[in-house]
Amino acid sequence: MEKVYILGIESSCDDTSAAVLCDGQLLSNVIASQKVHEEYGGVVPELASRAHQQNIVPVVDTALKRAGITKDQLSAVAFTRGPGLMGSLLVGVSFAKGLARSLNIPMIEVNHLQGHIMAHFIRQPEEEIDTPQFPFLCLLVSGGNSQIVKVDAYNRMTILGQTIDDAAGEAMDKCSKVMGFGYPGGPIIDRLARQGNPDAYTFSKPNVPGYDYSFSGLKTSFLYNLRDWVAEDPDFVEHHKEDLAASLEKTVVDILMKKLRLAVKDTGIKQVAVAGGVSANTGLRNAFQDHARRYGWKVFIPRFSYTTDNAAMIGIVGYHKYLDKDFCGIDVPIFSNTRI
């Protein structure tokens, strides 16, 4: 039987990534990150799209070489269609269309959020992994999204709850910026929190019905408290940065886990996964392990390399879509809004 080689392309934000999978097994996963945004305290869309244009060809070339194949062996090209930044998506989608057309192979459009969830099914050759059984719940948390998703199949997902304002990662990034820690704030908060007291400070938690999230109130509470503390002691942040980070992280994790516990209770589904950039956070990972012990959940936590935006997750969705012959036309448009 002829082997199925899928090239995955991811360019939704500020990482240019390409991956090659053979029969669903990962052969290469190349990511080019953009440092230019750090001095601006956030991703600048115009700079991101320009960097993608510079990176896309060498990244794809490197992915093919590391996989040990040529482009003529590819069975299909899978690409992120959205959600994401319009300019960034256009670079990846345009390249995918051109390559697929030149090789006369199918194109497969992939939802970026679906890719994050399916990252739990990425495996390398000769690797045995424990994967979630359908149906399972997935807490999808990143800089742009905070959602609880019911996953009935790789292509059948339902959002049970989502943020009505800021995402969890966005809130941590903004609080980090206010404290002068820089961007991206998530890893900085994580590092400092390991040395701090999570019960040192209390910040407001939202009272939102159902499974939906809200983080704008937490962000405002943090900002106002910090303003008052700094007014009394100009060096307050420097003297208490570990405790501030630990208390902020604990509040975010508590908010996330409270709604997830409710979803597990109401659905009766105890197969629970976490995905997205914030799933790299140590406090959240520890909370998942704690809930597994306390409530009998079977939890699934992704490798650190699969938490950030990467093409391997696009490729694994592309592989399953290829088996179902779920292809798209050359005229498929991109979309920037959040949807599954």
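The values are calculated or read from the model by the stated rules, or taken from the named source; none is laboratory data. On a predicted model such as this, the values are computed, not experimentally measured, just so you know. Cβ: placed from backbone, ideal geometry, glycine included. Neighbour counts: every protein chain shown. Accessible surface areas use protein heavy atoms only, side chains included; no ligands, DNA or RNA. Shrake-Rupley method; radii C 1.70, N 1.55, O 1.52, S 1.80 Å.
When the residues of segment 210-220 are filtered to those that are among the small types (Gly, Ala, Ser) and touching a residue at least 40 places away in the same chain (Cβ under 8 Å), the one that is least open to solvent (accessible area, probe 1.4 Å) is 214.
On the basis of being farther than 25 Å from residue 24 by Cβ, modelled with pLDDT of 95 or more and open to solvent by less than 50 Å² (accessible area, probe 1.4 Å), does residue 87 make the cut? Criteria not met by residue 87.
How many residues does segment 58-84 contain that are crowded, with 23+ Cβ neighbours inside 10 Å and among the charged types (D, E, K, R)? Of the residues in that region, 1 qualify. Within segment 175-225, which residues are in contact with a Cys (Cβ under 8 Å, 6 or more places away or on another chain) and over 16 Å from residue 253 (Cβ atoms)? Once the filter is applied, which keeps residues that are in contact with a Cys (Cβ under 8 Å, 6 or more places away or on another chain) and over 16 Å from residue 253 (Cβ atoms), segment 175-225 yields only 223. Scanning segment 304-329 for residues that are open to solvent by less than 70 Å² (accessible area, probe 1.4 Å) and of a type in the set (A, V, I, L, M) gives 311, 312, 313, 314, 316, 317.
Do the conditions hold for residue 272, that is, is it under 22 Å from residue 142 (Cα atoms), of a type in the set (A, V, I, L, M, F, W, C) and open to solvent by less than 30 Å² (accessible area, probe 1.4 Å)? Criteria met by residue 272.
Does residue 166 satisfy the criteria of being open to solvent by less than 20 Å² (accessible area, probe 1.4 Å), acidic (Asp, Glu) and free of Cβ contacts under 8 Å to residues at least 60 places away in the same chain?
So residue 166 passes the test.
For the residues 330, 316, 334, the requirement of being at pLDDT 95 or above and in contact with a helix residue (DSSP H, G or I) (Cβ under 8 Å, 6 or more places away or on another chain) singles out 316. Tell me, which residue of segment 279-300 that is in contact with a strand residue (DSSP E or B) (Cβ under 6 Å, 6 or more places away or on another chain) and not in a helix (DSSP H, G or I) is most open to solvent (accessible area, probe 1.4 Å)? Result: 298.
Just to be sure before I move on: is residue 207 at pLDDT 95 or above and either open to solvent by less than 60 Å² (accessible area, probe 1.4 Å) or not in a strand (DSSP E or B) (or both) in the structure I sent? For residue 207, the condition - at pLDDT 95 or above and either open to solvent by less than 60 Å² (accessible area, probe 1.4 Å) or not in a strand (DSSP E or B) (or both) - is not met.
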